[in-house]
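These notes are about the structure you will find just below.
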Amino acid sequence: MDIYIKSSEAITAQDTFNKTDIFSDTVLHEDNYYKCVSPEFREYIDAKLLRRMSKILKISLTTAVSCLNKANVLQPDAIIVGTGLGCVEDTAKFLIQIAENNEQLLNPTPFIQSTHNTISGQLALLIKCKNYNLTFTQKALSYETALIDALMFLKDNKDVNVLVGGTDEINEEVYELLKNADCEKNNRQKTKFGEGATFFVLSNCKTDDYKVRLKDVLIMNSINRIDDLNEKINELLKKNNLSLNDIDFIVSGSDNSENDNIYDEFYKQFADSSIVKYKHLIGEYDTASGFGMFLANNIIENNKIPEPLIHINKNKNKYQRGIAFNFTKNKDCSVLLMEKC
């Protein structure tokens, strides 16, 4: 069964929100990590509610509401969210209060909003949706796990719309913890840490308005040999009646770390495909691969690769099929296969 992308939206460290021609201009960041470029939240969320919302709630709910508006969907049949670290700003606030107040007279709001499923719960409250609601946290595969659950829901139900997304935030406290734990050093990571929110409305009901469909999703753990990865890729393409030459572009999740040898070997299979990179402009975070899917969708919709993202250019006239490939932490690997309707 085909799964169609009805709409998509993203808030990142670049000006990608509510834009068609993304990366026409790039934002330079001089901080230790990439911070989101924030839109006007009050256009999507009541100002009275905004006062109590942390950054991740603001960017997630704004992205989700805009995505629903674009799809002309008031009530999705399911809300499914993936997040690696969840609401770290509220978690940090609560822990700091515990230390500073000697575990007394604590504000309950940061604790209530510190759980991972706060995002999907607050979204359901905002749009008054009482349907299926689930949050997944699986480190670097958090978004992909949420996406697979969305696909299962779509295959089990007829004529439904699913809101699915991935979101993560970073602040100074979390950055210092990552730095002190030598996360950058251990991964030999040159790309800065970042944050962002990406949402999609997926549907199993075909209309002439849809431009892109999600053909397949593949998740792999603990890739020890590039030959194992190549074998799985060929199986995926064969399953969908495609060959390596049918793939017009690869959206690469390379973070310029020691993992790049895997990416370089992966590219060799697709000698005729253009290679696109994005994490050098939005940063690395657990659900950044969701933006990889957003980017692939944008490339197919507009038949154009944004200039700042081109790593290898094959100067193709048409971009009808693409793969969003992500490999992190020497084990977590995902492949999203997409094509023009």
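Since every read-out is calculated from the coordinates, none of them should be taken as a lab result. On a predicted model such as this, the values are computed, not experimentally measured, just so you know. Neighbour counts are summed over all protein chains in view; Cβ atoms, including those assigned to glycine, are modelled from backbone coordinates with ideal geometry.
For the reader, a short list of remarks on this structure follows.
- Dipole moment magnitude, nearest 20 debye, the chain about Cα centre, only Lys, Arg, Asp, Glu C-beta charged: 760 debye
- Rounded to the nearest 10 degrees, the inclination of helix 142-156 to the longest alpha-carbon principal axis of the chain is 70 degrees.
- Full-extension gain in nm, ASP159 to GLU40, via 0.36 nm per residue minus C-alpha separation: 39.5 nm
- The distance separating the Cα centre of segment 190-236 from that of segment 282-341 comes to 9 Å.
- Inter-label distance, nm, simple model (7 Å from Cα along the C-beta direction), LYS19/ARG51: 3.3 nm
- With K and R counted +1 and D and E -1, the other residues having a Cβ less than 13 Å from that of ILE226 yield a net charge of -3.
- Out-of-range pairs (alpha-carbon distance over 18 Å; input LYS6/LYS211; LYS55/LYS93; LYS232/LYS340; LYS215/LYS340): LYS232/LYS340
- Lys, Arg +1 and Asp, Glu -1 on Cβ, resulting dipole of segment 3-203 about Cα centre, debye, nearest 20: 440 debye
- Residues of segment 152-173 with an amide N closer than 15 Å to a point placed 7 Å from the Cα of GLN75 along the Cα-to-Cβ direction: 160-163.
- With the helix formula -39500 (n - 2.57) applied to DSSP H stretches of n ≥ 4, the chain reaches a computed 222 nm mean residue ellipticity of -10500 deg cm²/dmol.
- Summed side-chain charge close to LYS58 - residues other than LYS58 whose Cβ falls under 13 Å, Lys, Arg +1, Asp, Glu -1: -2
- Separation of the ASN241 and SER222 label points, Cα + 7 Å toward Cβ, nm: 3.7 nm
- If you plug the beta carbon distance of LYS179 and LEU28 into 1/(1 + (r/R0)^6) with R0 = 25 Å, you get a FRET efficiency near 0.70.
- In the chain, a dipole from Cβ-located charges (positive for Lys and Arg, negative for Asp and Glu) runs towards its positive end, and of CYS205, THR20, THR63 it is CYS205 whose Cα lies farthest in that direction.
- The angle separating the long axis of helix 118-127 from the principal Cα axis of greatest extent in the chain is about 90 degrees.
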